[in-house]
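**Q** This is the structure I have questions about; it appears just below.
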Amino acid sequence: MIIEKKVHTCRKCHSKVLTKNNINVCGNLQYHCKTCGAYGVLEPREPYTEKEQELIIKAY
Ligand SMILES: [Zn+2]
């Protein structure tokens, strides 16, 4: 059983104090970190393919 925690953290300083900003050209939601002031993509497309998910399931 995989428990998915959807807590977004800053990629630079790992702060959780983020402001959801705008949607960029690619359609990804962007954040603005209040701690370090960085901008980034909130949910980048993780390369979790079906094959990788199979491997995760097999690992159990
Ligand atoms: Zn930050």
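**Q** Would you pick out the residues in region 1-23 that are among the polar types (S, T, N, Q) and either within 30 Å of GLU54 (Cβ to Cβ) or exposed (fewer than 12 other Cβ atoms within 10 Å of the Cβ) (or both)?
**A** THR9, THR19, ASN22
**Q** Does region 41-53 contain any residue that is modelled with pLDDT of 80 or more and surrounded by 12 or more Cβ atoms within 10 Å (Cβ to Cβ)?
**A** Yes, because at least one residue in region 41-53 is modelled with pLDDT of 80 or more and surrounded by 12 or more Cβ atoms within 10 Å (Cβ to Cβ).
**Q** Please enumerate the residues belonging to region 1-27 that are aliphatic (A, V, I, L, M) and within 15 Å of VAL41 (Cβ to Cβ).
**A** Within region 1-27, LEU18, ILE23, VAL25 meet the criteria.
**Q** Keeping to region 3-23, report how many residues are more than 9 Å from the ligand (Cβ to nearest atom) and within 11 Å of TYR39 (Cα to Cα).
**A** 4
The values are calculated or read from the model by the stated rules, or taken from the named source; none is laboratory data. Values in this document were obtained by computation on a predicted structure and should not be read as measured data. So basically every Cβ, Gly included, is an ideal-geometry build from the backbone, and we count neighbours across all protein chains shown.
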